[in-house]
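Below: the structure, in structure tokens.
What follows draws every value from the coordinates through simple rules; no lab data is involved. Computed from a prediction, not measured in an experiment: that's the story for all the values here. With ideal geometry, Cβ positions are generated from the backbone for all residues, glycine too; neighbour counts draw on all protein chains shown.
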Amino acid sequence: MITLEGPPARVLTAYTHLLVERGIRGATLEAVARRAGLSKSGALHHFASVGALNAALFVELRAQARHDAEAMRRAPEGSVRYYLVSSLDRDSELERVIEAGYRIAQTGDEAALEVLRACRRDWLEVLAADTGDASLARMVLFAGDGVNHNALMNLPAGEEDVLTPEHVESLIVAFEQMPSRRTSTAAE
């Protein structure tokens, strides 16, 4: 966790993992406390409600996404390669927080949707600045989202034939070979 440490981080991590593994219904305060190694009252000491857990998760998601967008901006390999290669990683802390945010958003929670939209805007902004082309930046964003979605279904190493690092590399090369329209970015 970027924003928390100690027992609050354990509670928020437990909540995040339960959301990802079991969904909203499985992420009860009792289950969160048990997963964090605390009593229910111990967990409630740090987060008085599920709403408080959600709010903390949204803060964490924004912090991690901003950190990731900044890493993407500074990546020596460029933002396109950074975004597409990192989209293969389904096990990172950032991916788990994003997925937990999606689980909450699926209930119609507008705050979750707004946080996820803000994260998307951050990544798109970096891609657009780096490529100089708003349309190309969107294509990379959407391709990365597709890579991430399909990585969820991947078979064990050596058995996967739809989405491999080699396939992602071929996507990167294709994007890098596309002509840039740097002069039109500001108009879009």
key: Complete set of residues in region 1-13 that are farther than 13 Å from residue 44 by Cβ and either touching a helix residue (DSSP H, G or I) at 6+ places or on another chain (Cβ under 7 Å) or assigned to a loop (DSSP other than H, G, I, E, B) (or both)   = 1, 2, 3, 4, 5, 10, 12
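If I filter region 36-51 for residues that are more than 19 Å from the chain's Cα centre (by Cα), buried (at least 18 other Cβ atoms within 10 Å of the Cβ) and free of Cβ contacts under 8 Å to residues at least 24 places away in the same chain, do I get at least one hit? Reasoning before the result, please.
Taking region 36-51 as the starting set, the residues that turn out to be more than 19 Å from the chain's Cα centre (by Cα) are 36-51.
In the following step, the residues that additionally are buried (at least 18 other Cβ atoms within 10 Å of the Cβ) were identified as 36, 38, 43, 46-47.
Still in the list and also free of Cβ contacts under 8 Å to residues at least 24 places away in the same chain: none.
No - not one qualifying residue is present in region 36-51.
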query = Across region 93-135, which residue is nearest to residue 77 (Cα to Cα) among those that are out of contact with any helix residue (DSSP H, G or I) (no Cβ under 9 Å at 6 or more places or on another chain) and not basic (Lys, Arg)?
reply = 110
Region 1-26, subset in contact with a Ser or Thr (Cβ under 9 Å, 6 or more places away or on another chain) and in contact (Cβ under 8 Å) with a residue 60 or more places away in the chain, residue surrounded by the fewest Cβ atoms within 10 Å (Cβ to Cβ) = 24
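Look through 103, 138, 120 and report the one residue that is assigned to a helix (DSSP H, G or I), charged (D, E, K, R) and crowded, with 17+ Cβ neighbours inside 10 Å.
Details: 138 fails: crowded, with 17+ Cβ neighbours inside 10 Å; 120 fails: crowded, with 17+ Cβ neighbours inside 10 Å.
It is 103.
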